[in-house]
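Structure, as structure tokens:
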Amino acid sequence: MGKNFDCLIYEMLFLPGKSLADRLGIPAFRVFSTFTLNAKILNDFGKTGGWYMTCIFRYPLLYKVVSRVLQRKFHLRYGNIAKEMTDNAPKLNFTYTIKEFQIYSDEFDNSRYKYVGASIGSRNEGRFDFSFMKQPIIYISLGTLLNTSAKFFRKCIEAFQNQSVSVIMSIGNVVKLEQLGKIPDNFFVYPFVPQLEVLQKASLFITHGGMNSVNEALYYGTPMIVIPVGNDQPTVARQIETLHLGKYMKRKDTDAVSLRLTAMEILNNNNYKDTLKKFQMKSQAAGGNMEIARQILAELDKY
């Protein structure tokens, strides 16, 4: 298996990727769907990522046991997850963000770690009707973990009802419309929306801070309020606030009043949009999947 392939392209969590490619005698290429990772960043995730997958980096004994189990099961070079990721890395690694957004970016060799921006491609999502909406538009979408919370969406309704904004709220398929009570006239609630199209119109994006959504917002220059749940999201949220691309709000401290005030602060401050213009230009020039394909094909031509 795999012997008739020219290379192996794998995602960062497929730890055996490089070892497997070495056994097959073919080059490997790795993609990161979060920040480019090293031991320092994994440690940060462990401290702030809550009770999700990254919590293993918070407990040295658990981390050691999991690392050893994975080494034996997948024939890894090292019995340490972070060391396997950093010291047994392919020659070329691609990250779906821009270098200006990467944390600790100076710790990664520019010749081996490439930043390609958001994965923006054609999506058959249909057309979205904005004709009943007036600017500014606030877009709320919180991923699968928070999209199960009718309480949070009711909090959003309380925050923005009777305000001079239009609110597009994507609630997923778990929360039912009737759980939200009376929907104000300035709210437009759907199970799902074509996110890329909506981000192009939105003046503010309220998000859980998933890296894909954040990179799409950077691509379209949309300021953000990030309410993270776990894993890499708190780190992403801090980076957004540090770079003045939006605000970080802790879930347990967020009520309707604080959410409204934070949103209005961003909407009334053009500095956020001005800062985002540089990130938008960099993101749109980064190349995405086409740039990954170009660099991989150029590398394979050397073999």
Q: Taking the dipole about the Cα centre of the chain, with the C-beta of Lys and Arg at +1 and of Asp and Glu at -1, give me whichever of GLN284, VAL69, VAL214 is farthest to the positive side.
A: VAL69
Q) Using a Förster distance of 22 Å, how high is the FRET efficiency between VAL66 and SER33, based on the Cβ-Cβ distance and rounded to 0.05? A) 0.60
**Q.** Whichever aspartates and glutamates have a C-alpha closer than 16 Å to that of LYS99, once near sequence neighbours (fewer than 8 apart) are set aside
**A.** GLU107, ASP109, GLU216, GLU291
Q) Stokes-Einstein D for region 137-284 at 10 °C, 1.306 mPa s, Kirkwood Rh over Cα pairs, in µm²/s? A) 105
Q | Karplus-derived 3J(HN,Hα), 6.51/-1.76/1.60, for each residue of region 192-200, Hz, glycine and proline x | A | 8, 9, x, 4, 5, 5, 5, 4, 5
Q: Starting from the Cα of LYS252, draw a straight line to each of the lysines and keep only those under 17 Å, dropping any in the same chain fewer than 8 residues away.
A: LYS151, LYS155
Q) According to the Cα gyration tensor, what semi-axes, each the square root of 5 times an eigenvalue, does the equivalent ellipsoid of region 27-149 have, listed from largest to smallest in whole Å? A) 34, 21, 14
Q | Cα pair distances in the chain, grouped into 20 Å bins until the bin that holds the longest one, percent each | A | 31, 53, 16, 0
Q: Considering Cα pairs under 8 angstrom that are at least six residues apart, work out the relative contact order of the chain and quote it in whole percent.
A: 18
Q | Between region 234-303 and region 45-108, the Cα center-to-center distance that results, in Å | A | 23
Q | For GLU241, GLU178, order by how many other beta-carbon atoms lie within 10 Å, fewest first | A | GLU178, GLU241
Q | LYS278 versus PHE14: modelled label distance in nm, points set 7 Å from Cα along the beta carbon direction | A | 3.6
Q: Specify the residue with the greatest mean-square fluctuation among PRO234, PRO194, PRO60, computed from a Gaussian network of the chain linking alpha-carbon atoms under 10 Å apart.
A: PRO60
Q | Where only alpha carbons of region 90-147 are counted, the Rg and the Dmax (Å) | A | 17.8, 51
Q. Given springs between every Cα pair under 10 Å in a Gaussian network model of the chain, which of MET249, MET85, MET290 has the largest fluctuation?
A. MET290
Q: Among VAL226, VAL165, VAL116, determine the one that fluctuates most according to a GNM of the chain built with springs between C-alpha atoms less than 10 Å apart.
A: VAL165
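Readers should treat all values here as calculations from the given coordinates under stated rules, not as data from a laboratory. Source: prediction; values computed, not measured. In this analysis, Cβ positions are derived from the backbone assuming ideal geometry, glycine residues included, and neighbour counts consider all displayed protein chains.
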